[in-house]
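> The structure's right below; bear with me while I get my questions together.
All of the numbers you see were taken from the coordinates with simple rules; none came from a lab. Predicted model only: the values in this text are computed from it and were never measured. So basically every Cβ, Gly included, is an ideal-geometry build from the backbone, and we count neighbours across all protein chains shown.
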Amino acid sequence: MKYLTIILTLTLSFSVAAISAQSKKINVKKSSIKWTGKKVLGQHEGFVKLQKGWISIEDNQIQSGEFLIDMRSISCTDLQDEGYNKQLVGHLKSDDFFGVENYPTAKLTIKKSTRFKQNKATVTAQLTIKNKTQSIEFEATKTNNTLNSTLQIDRSKFDVRYGSTSFFDSLGDKAIYDIFTLEIQLNLED
């Protein structure tokens with residue numbers, strides 16, 4: 001009888017834990033990822049689309065999550081001239097930058113997080129670009145069913161070399177800064 005009670009107690013405990021964890025899909029149509037890249041003489045910005053994603057939140061803490069980014073969807077929003085816009089987007093998709101023909105997706109995998117305090121948590125994740133994986137840390141803000149984050153990414157760690165002073169000397173005003181920004185808004189499905 002004692003053995004049966006222990007089994008029932010453990011089963012109930014695991015069931016309650018499974019119920020309290022909230023694994024939610026990300027609504028990719030309502031979510032957005034805005035990129036900004038800066039260079040000595042200015043900057044460019046645009047969007048890249050989230051292909052799919054999910055996140056698990058339990059006890060006011062992100063437990064895990066995974067997000068696949070469609071690198072083929074890179075767009076530029078600051079260049080109004082169609083020719084220049086197409087040229088820049090093509091260059092970003094080329095092997096000089098993200099090589100989207102060989103690396104069509106990037107991936108972010110959440111490894112751990114602090115609990116949300118005043119709607120903010122510190123997240124540790126693995127980011128994979130061009131089959132190179134690096135650990136990153138960022139702050140996430142939660143408001144209802146929306147998570148917002150701003151990530152500062154060092155492209156040189158992912159072998160994105162074009163115009164980088166980490167790889168080339170004497171670039172002068174043609175240098176492109178290694179750090180680019182991703183402003184992420186994730187909308188969780190109900």
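> Please state the charge dipole magnitude for region 21-187, taken about the Cα centre, from unit charges on C-beta atoms (+1 on K and R, -1 on D and E), reported in debye and rounded to the nearest 20.
In debye, rounded to 20, region 21-187 gives about 660.
> Considering the options SER113, GLN126, VAL40, tell which one lies farthest towards the positive end of the dipole of the chain, charges being +1 on Lys and Arg and -1 on Asp and Glu at the Cβ, about the Cα centre.
Value computed over the given set: SER113.
> Still on this structure: Relative to the longest principal Cα axis of the chain, at what angle does helix 82-93 sit, 0 to 90 degrees, rounded to 10?
Value to nearest ten degrees: 60.
> Quick one: helix 2-20 against the long Cα principal axis of the chain, what's the angle to the nearest 10°, folded into 0 to 90?
30
> Between GLN22, GLN63, GLN118, which gets the highest mean-square fluctuation from a Gaussian network model of the chain, Cα cutoff 10 Å?
GLN118
> Just one of (1) 20.4, 79; (2) 21.2, 70; (3) 15.8, 47 is Rg and Dmax of the Cα atoms in Å calculated from these coordinates, so which is it?
(1)
> Multiply the residue separation of THR105 and GLU189 by 0.36 nm, subtract the distance between their alpha-carbon atoms, and state the gained length in nm to one decimal.
Extra length available between THR105 and GLU189 comes to 28.0 nm.
> May I pose another question? What does the charge count around ALA175 come to, taking other residues whose C-beta lies under 11 Å from its C-beta (Lys +1, Arg +1, Asp -1, Glu -1)?
Once positives and negatives cancel, what remains is 0.
> When only Cα pairs under 8 Å and 6 or more residues apart are kept, what is the percent relative contact order across region 21-187?
Across region 21-187, relative contact order equals 24 percent.
> Next up: Between SER73 and THR150, what length in nm is gained on full extension when 0.36 nm per residue of separation is reduced by their alpha carbon distance?
Working it through step by step, the gained length comes to 25.8 nm.
> Among 76-89, 177-190, what's the highest-first ranking by average C-beta atoms within 10 angstrom per residue?
Final packing ranking: 177-190, 76-89.
> Turning to a different aspect of this structure: With a sphere of radius 12 Å drawn around the Cβ of GLU189, what net charge do the other residues whose Cβ falls strictly inside it have (Lys, Arg +1; Asp, Glu -1)?
Here the count lands on +4.
> Multiply the residue gap between THR124 and LYS38 by 0.36 nm, knock off their C-alpha separation, and tell me the result in nm, one decimal place.
Contour length minus the Cα-Cα distance gives 28.5 nm.
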